[in-house]
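Participant: If you scroll down you'll find the structure; I have some questions about it.
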Amino acid sequence: MNAGARRRSNILGRNHVQFAARFRVGGLMKPGKITHILAALLSSITSLFAHGAVTKAEPTKSKLTKKTQKSEGEPIVSINSMVFAPHHMRAAPPDRRESYPWKRQIVTTVFWIGERPTENNPIPNRASSWDKEWSKSYGGFDDPSPARRSDYIPVKFTPRQNPFYCALPYNDKVANGHRPEASRVVPWFKDAYQGPGVSVCKDRWIAVRKGNKIAYAQWEDAGPFRTDHWQYVFGNERPKPNLNRGAGLDVSPAVRDYLGLSETDVTDWQFVDFKDVPRGPWSKLGENNTFVIDDRKTGTRLAEGKKRSGPEVQLITE
């Protein structure tokens, strides 16, 4: 018999003697008292065996792995954590953070390529912040009149650029390069940089939401009114006051028609990586349209693949 077993035997013996003595002194005891003593003795016996089991099964030392910071062989979920940990500690909620947060309740106005200057819009839209020949590049006047539009484009011509376009009050470019803060505040600057003469903001995709509908548009101009408000466009500030009720987003007639907007309305918007933009009426037209560019590349690769594989041989059987 080992030392631990002998120690448990001696303790049990003493408990037994004390238990018997209590019966001898003063005669028989009341049933309730007997039940209490029995319960105490059983509890002692159980704790002794449990203590012995823990002492006997000492955990072995193990090395922490760099990948998981857990002991090798350690179970991911232990019985103890399932029993004692609060429910919210047992299973962490999924990470629902978005790449770019929604800008909510933004006053939104409609503008269009070729728009003439007005009292509330003193700068004509024949040129954009990034294209001096914007009207020419687009193919003409993007007539906003619903009577002269069909399928989100003007009836007189097919636009050469994406008719789903927008303007935000920031221009990353200056005459000889980029604004000093651009590399710091534009989230995708490093990935999109193509040299000092190329904007990293032009053609970027955004989502515009009204109610339960979302339209997607490409960023093609700076405005309304301001071209330097990066704290709003990329940060947490609200749009600055202006003549158009503090508008912070301009959208094209195509976006207006898809969402059913008034000329001055309120929407939510956010930046969207191209991989997250679904196909829709915004994916069909435009030399600057990422969908059109990718589809052409895919078509070219398929054509080149067929050319390399040689002409097809057709077998004629009688």
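The values are calculated or read from the model by the stated rules, or taken from the named source; none is laboratory data. Model, not experiment: these values are computed from the prediction. Methodologically, a virtual Cβ is constructed for each residue, glycine included, from the backbone with ideal geometry; neighbour enumeration extends over all protein chains shown. For accessibility, only protein heavy atoms count, side chains too; no ligands or nucleic acids. Shrake-Rupley method; radii C 1.70, N 1.55, O 1.52, S 1.80 Å.
Participant: Quick one: how many residues across region 144-167 are in contact with a Pro (Cβ under 9 Å, 6 or more places away or on another chain) and either of a type in the set (D, E, K, R) or in a strand (DSSP E or B) (or both)? First the steps, then the outcome.
Facilitator: Going through region 144-167, the residues in contact with a Pro (Cβ under 9 Å, 6 or more places away or on another chain) turn out to be 144-146, 148-149, 151-154, 163-164, 167.
Those left that are additionally either of a type in the set (D, E, K, R) or in a strand (DSSP E or B) (or both): 148-149, 151, 153-154, 167.
So the count comes out to 6.
Participant: Could you figure out which of (1) out of contact with any Ser or Thr (no Cβ under 6 Å at 6 or more places or on another chain); (2) more than 25 Å from Pro187 (Cα to Cα); (3) in a strand (DSSP E or B); (4) charged (D, E, K, R) isn't true of Asp257?
Facilitator: (3)
Participant: I've got another one for you. Any residue at all in region 143-157 that is of a type outside the set (Val, Ile, Thr), open to solvent by 50 Å² or more (accessible area, probe 1.4 Å) and within 18 Å of Phe225 (Cβ to Cβ)?
Facilitator: Within region 143-157, the first condition is being of a type outside the set (Val, Ile, Thr), and the residues that meet it are 143-152, 154, 156-157.
This time we only want the ones that are open to solvent by 50 Å² or more (accessible area, probe 1.4 Å), so: 146-148, 150-152, 156.
Right, trim to within 18 Å of Phe225 (Cβ to Cβ) and you get none.
The answer is no, given that none of the residues of region 143-157 is of a type outside the set (Val, Ile, Thr), open to solvent by 50 Å² or more (accessible area, probe 1.4 Å) and within 18 Å of Phe225 (Cβ to Cβ).
Participant: Read through the list (1) closer than 22 Å to Asp268 by Cα; (2) open to solvent by 30 Å² or more (accessible area, probe 1.4 Å); (3) over 21 Å from the mean Cα position of the chain (by Cα), then give the number of the only condition that Lys213 fails.
Facilitator: So the condition that Lys213 fails would be (3).
Participant: Would you be able to tell me the number of residues in region 158-184 that are of a type in the set (A, V, I, L, M, F, W, C) and surrounded by fewer than 16 Cβ atoms within 10 Å (Cβ to Cβ)?
Facilitator: Restricting attention to region 158-184, the residues satisfying the condition of being of a type in the set (A, V, I, L, M, F, W, C) are 164, 166-168, 174-175, 182.
Those left that are additionally surrounded by fewer than 16 Cβ atoms within 10 Å (Cβ to Cβ): 174-175.
Qualifying residue count for the region: 2.
Participant: Return the pairs, sorted by first residue and then second, in which the second residue is surrounded by fewer than 20 Cβ atoms within 10 Å (Cβ to Cβ) and modelled with pLDDT of 95 or more, the first residue lies in region 101-124 and is of a type in the set (Lys, Arg), the beta carbons are less than 6 Å apart, and the residues are 6+ apart or on different chains.
Facilitator: Between residues of region 101-124 that are of a type in the set (Lys, Arg) and residues that are surrounded by fewer than 20 Cβ atoms within 10 Å (Cβ to Cβ) and modelled with pLDDT of 95 or more, the close pairs are Arg104/Asp268.
Participant: Also, I was wondering about something else. Testing Ala254 on (1) in contact with a Cys (Cβ under 7 Å, 6 or more places away or on another chain); (2) open to solvent by less than 10 Å² (accessible area, probe 1.4 Å), one condition comes back false. Which one is that?
Facilitator: (1)
Participant: Give the residue that is modelled with the highest pLDDT, with candidates limited to residues of region 117-175 that are within 33 Å of the chain's Cα centre (by Cα) and of a type in the set (Val, Ile, Thr).
Facilitator: Among residues in region 117-175 that are within 33 Å of the chain's Cα centre (by Cα) and of a type in the set (Val, Ile, Thr), the one modelled with the highest pLDDT is Ile153.
Participant: With the requirement that a residue be part of a helix (DSSP H, G or I) and either within 16 Å of Lys103 (Cα to Cα) or among the aliphatic types (A, V, I, L, M) (or both), what does region 168-204 give you?
Facilitator: Step one: list which residues in region 168-204 are part of a helix (DSSP H, G or I), which gives 182-185, 189-192.
Answer for region 168-204, where residues must be part of a helix (DSSP H, G or I) and either within 16 Å of Lys103 (Cα to Cα) or among the aliphatic types (A, V, I, L, M) (or both): Ala182, Val185, Ala192.
Participant: Are any of the residues in region 225-238 among the hydroxyl-bearing types (Ser, Thr, Tyr), open to solvent by less than 30 Å² (accessible area, probe 1.4 Å) and assigned to a loop (DSSP other than H, G, I, E, B)? Even if it seems obvious, please write down each step before you answer.
Facilitator: First, pick out the residues of region 225-238 that are among the hydroxyl-bearing types (Ser, Thr, Tyr): 227, 232.
Applying the additional criterion that residues be open to solvent by less than 30 Å² (accessible area, probe 1.4 Å) yields 232.
Checking which are assigned to a loop (DSSP other than H, G, I, E, B) leaves us with none.
Checked against the condition, which is being among the hydroxyl-bearing types (Ser, Thr, Tyr), open to solvent by less than 30 Å² (accessible area, probe 1.4 Å) and assigned to a loop (DSSP other than H, G, I, E, B), region 225-238 yields no hits at all.
Participant: Have a look at Ala247, Ala207 and point out the one that is among the hydrophobic types (A, V, I, L, M, F, W, C), open to solvent by less than 10 Å² (accessible area, probe 1.4 Å) and part of a loop (DSSP other than H, G, I, E, B). Even if it seems obvious, please write down each step before you answer.
Facilitator: On the way: Ala207 fails: part of a loop (DSSP other than H, G, I, E, B).
After ruling out the rest, the residue left standing is Ala247.
Participant: Further question on the same structure: Would region 272-282 turn up any residue that is in contact with a strand residue (DSSP E or B) (Cβ under 6 Å, 6 or more places away or on another chain) and open to solvent by 20 Å² or more (accessible area, probe 1.4 Å)?
Facilitator: Narrowing region 272-282 to residues in contact with a strand residue (DSSP E or B) (Cβ under 6 Å, 6 or more places away or on another chain): 272, 274, 277, 282.
When the remaining residues are screened for being open to solvent by 20 Å² or more (accessible area, probe 1.4 Å), the result is 274.
Scanning region 272-282, I find at least one residue that is in contact with a strand residue (DSSP E or B) (Cβ under 6 Å, 6 or more places away or on another chain) and open to solvent by 20 Å² or more (accessible area, probe 1.4 Å), so the answer is yes.
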